[in-house]
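Here the structure comes first, spelled out in structure tokens, and everything after it is commentary.
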Amino acid sequence: MVYDIVILGGGPAGLTAAIYGKRAGFNTLLIDESPESGGQILTTYEVDNYPGLPKIGGMDMGKKFREHADNFGAEFAVGRVSSIEKEGDIFKLVTRKVTYEAKSVIIATGAGHRKLGVPGEAEFGGMGVSYCATCDGAFFKDKVTAVMGGGDVALEDAIFLSRMCKKVYLIHRRDEFRGAKVLQDQVKSIENIECVMDSVITEIKGDKAVNAVLIHNKKTEEDKEIPVDGVFIAVGIQPNTDKIKNLPDMDEAGYIIAGETCETSIPGIFAAGDVRTKQLRQVITSAADGANAVTSIGRYLA
Ligand code: NAP
């Protein structure tokens, strides 16, 4: 069977594309590596800037998006697409067990956590080093933790952890945060968050589990060790484009080059959400991409 649209990725972009695809009468399949829909929002404690759904939990938001797509009868499959091959006008999407066929493809594989790349990071993964405060924060009740990063995620993580940890060090490499002003104000008002500016973690130390971070102050050139029980790394994201062969043109960071129409360098392949080159990567812009990609597909298939 040849689908009109096959979507790779079940985050807000992919799920919105599934909703729009089915509403427009297209035979639509969404393939995701995980049976649980939502993508990155599944590891977000709270989303507070999506209109109409104030302070919604990430998990709940993922469920709502999925239910909406289910209600329209979108098809879902679990699998990892390793290659996209074009034969005539048909795309073949190769997974380990099945090769799916489609007239058009939406790549909505999103982005994942960027690594810090310091000694101890890999060694203590799951033993005190985490990339998800909402997933692992509860393990650090009444303990001391460090968050590395200065974006929205780092600020949100520090706020979240401050509710259960004895103390949270928020370590950032510059003297001002990148994250939203509203989050910065909140961080400053919380007593058990200590901001450590102009500094980077150079090593994560431990025995069986993490027990300290070594930090380097870039202004004073001073090095110091801070005893901590856990380290949460929130230094941004990188696109999930490294595991699929034959993708359209990408920029130097690995994002698929596409504008608002989501058209890529390969006619028939569209890129939506965090995986494409864009100014703002949030749920609302990902959802907008899902809608735009299907609108472009309407024109392409006609
Ligand atoms: P981000 O905005 O790219 O911030 C990454 C932070 O990590 C920056 O402060 C950056 O420092 C720092 N950093 C990068 N590489 C580093 C390194 N090697 N060593 C030390 N520090 C490093 O990423 P994010 O916070 O993960 O957010 C990702 C996207 O999701 C953003 O677009 C964000 O707005 C969005 N988001 C939105 C919400 C919301 O709206 N509620 C919530 C979460 C995330 P510099 O500042 O010096 O570059």
Practice prompt. Just need a number here: residues in the stretch 131-143 that are at pLDDT below 95 and either within 16 Å of the ligand (Cβ to nearest atom) or not small (Gly, Ala, Ser) (or both).
Written response: 8
Item to complete: Kindly indicate whether residue 14 is within 16 Å of the ligand (Cβ to nearest atom) and in contact (Cβ under 8 Å) with a residue 60 or more places away in the chain.
Response: no
Fill in: Residue match in the stretch 200-208 (condition: among the small types (Gly, Ala, Ser), modelled with pLDDT of 95 or more and surrounded by 21 or more Cβ atoms within 10 Å (Cβ to Cβ))
no
Worksheet item: Does residue 249 satisfy the condition of being loosely packed, with under 15 Cβ neighbours inside 10 Å, within 30 Å of residue 202 (Cβ to Cβ) and more than 15 Å from the ligand (Cβ to nearest atom)?
Response: no
Worksheet item: Can you find a residue in the stretch 47-60 that is acidic (Asp, Glu), at pLDDT below 95 and surrounded by fewer than 16 Cβ atoms within 10 Å (Cβ to Cβ)?
Response: yes
Response to the item:
In the stretch 104-115, anything more than 14 Å from the ligand (Cβ to nearest atom) and either without any contact (Cβ under 8 Å) to a residue 12 or more places away in the chain or part of a loop (DSSP other than H, G, I, E, B) (or both) is listed as 108, 109
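Rundown of residues vs (1) assigned to a strand (DSSP E or B); (2) within 23 Å of residue 196 (Cβ to Cβ), yes/no style:
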position: 102; (1), (2): yes, no
position: 117; (1), (2): no, yes
position: 139; (1), (2): no, yes
position: 142; (1), (2): no, yes
position: 156; (1), (2): no, yes
position: 161; (1), (2): no, yes
position: 164; (1), (2): no, yes
position: 170; (1), (2): yes, yes
Response to the item:
Within the stretch 177-204, the residues that are out of contact with any Gly (no Cβ under 6 Å at 6 or more places or on another chain), more than 9 Å from the ligand (Cβ to nearest atom) and touching a residue at least 60 places away in the same chain (Cβ under 8 Å) are 202
Discussion item. I need the full set of residues from the stretch 260-277 which are part of a strand (DSSP E or B) and among the charged types (D, E, K, R), in order please.
Written reply: 263, 276
Worksheet, complete the sentence: Of the candidates 42, 30, the one satisfying the condition of being aliphatic (A, V, I, L, M) and either in contact (Cβ under 8 Å) with a residue 40 or more places away in the chain or under 29 Å from residue 267 (Cα atoms) (or both) is 30
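The values are calculated or read from the model by the stated rules, or taken from the named source; none is laboratory data. Computed from a prediction, not measured in an experiment: that's the story for all the values here. No Cβ is skipped: glycine too gets one built from the backbone with ideal geometry, and neighbour counts run over all protein chains shown.
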